[in-house]
1. Expressed in whole Å with the largest first, what are the equivalent ellipsoid semi-axes of the protein assembly as shown derived from the C-alpha gyration tensor as the square root of 5 times each eigenvalue?
2. Once you put a point 7 Å from the Cα of residue A:167 and another 7 Å from the Cα of residue B:2, both along the Cβ direction, what distance in nm separates them?
3. Please compute the average number of Cβ atoms from other chains found within 10 Å of each residue's Cβ in peptide B:135-141.
4. Could you line up B:162, B:211 from fewest to most neighbouring Cβ atoms inside 10 Å?
5. Springs between alpha-carbon pairs under 10 angstrom, Gaussian network model over chain A: which of A:65, A:208, A:177 fluctuates most?
6. What whole-number distance in Å separates the alpha-carbon centres of the range A:87-117 and the range B:108-158?
7. Averaged over peptide B:184-193, how many Cβ atoms belonging to another chain are found within 10 Å of each residue's Cβ?
8. 222 nm [θ] for the protein assembly as shown, helices only, -39500 (n - 2.57) per DSSP H run of 4+, per residue, to 500?
């Protein structure tokens, strides 16, 4: 299995996803939130690129979620903190979600044969699903604005580490994948600290959102791997 | 000292270098060759972006060096293998050099206050010179064509490791710098093997250029840090 890792959404061109399984990573916080919502029983998450598109996609009973500048959008039901997406709030609901980079990354990958979402919360489960799909893989680190984000690189490295440990696959990585695997292996004992010291981590800490970093730093607590079906992310 | 690391020459915009010290890295093979040439007593290396420009810059007595598709250019005196740049051949000479990514990277950084060239061969010396220049630093990994190259990332991590060990500077890295430092620290015992398994390394191995990889994998064997003065790279 060939695995290519893309450092930020700006580096992604849709041609790169052709005939591949795409794994989208936005640890702080879009994919962590999506996975939490699906694990809490949400029917589906519908990614929207803009606030206007999100409002247009909302049907009666749907919840609107998302952020701009890390804050909840005015008039929306939910922000982008995994903790808000509890079973009480989301079970049985459709959620329309728009975030700065995460949902943009999902849209970029739509030409892939399969689109999976990963975060630290479900890395092992995602590696297993990707291995079963028997396609080459492109891991897209959403990043922060135009830049690489350390938390997404760490998660890409963790997914690669899990892929390497699966007996049924031989993994061939590109140079950036090799670098991300080494990053994860060097920092695996300090994942949360590394994230807190990253650019997005520092910003969230300043805004009093330390609990979001904690919620997003837990490793392999969910088995759910939200997967794109049409325009909806649902359980695999 | 703020240190930003750019993953490939395509990611570099000249605005990023304003008021900074630029450190250009192209381990395979441009900066390794430039450092070897200067250490062997070459008067200067003049980077040229194109073959035509290189020919135009040549004055009587100058040597023409460089590669296209990893091979020596027809009619040139020298290719891009450090081993060719011996004292017997280059001492007291000006060398006009054109390579695919390395010289392009040097040209991109020309708005910096200082432009230094680094490879594994002089990483510690380069970190010392950069620290003495008391500017924020941008490390530009030249990469291979449009992509990140593992050997340049390893070298960026090594330079960062050396900067961290200097008592007179406090280093603040961006997320990509943090990742490259972790990459180096994870792979520091297998530098040559990591380079051989990278994309450019594999290509050079296939072309029978293993000795170039060996020549470029030695760590801190030179104290010379070629530096841009006008359009020439000379001893610092």
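Readers should treat all values here as calculations from the given coordinates under stated rules, not as data from a laboratory. Computed from a prediction, not measured in an experiment: that's the story for all the values here. We place every Cβ from the backbone using ideal geometry, glycine too, and count neighbours over all the protein chains shown.
1. Numbers: eigenvalues 405, 94, 71 Å².
So the three semi-axes of the protein assembly as shown are 45, 22, 19 Å.
2. Each label point lies 7 Å from its Cα, and together they span 5.2 nm.
3. 0
4. Numbers: B:162 20, B:211 12.
Going from least to most buried by this count: B:211, B:162.
5. Taking springs between Cα atoms under 10 Å, the residue moving most is A:208.
6. Each part's Cα centre sits 38 Å from the other's.
7. On the way: counts 3, 5, 10, 6, 1, 0, 1, 0, 0, 0.
Mean partner shielding for this stretch: 3.
8. -11000 deg cm²/dmol
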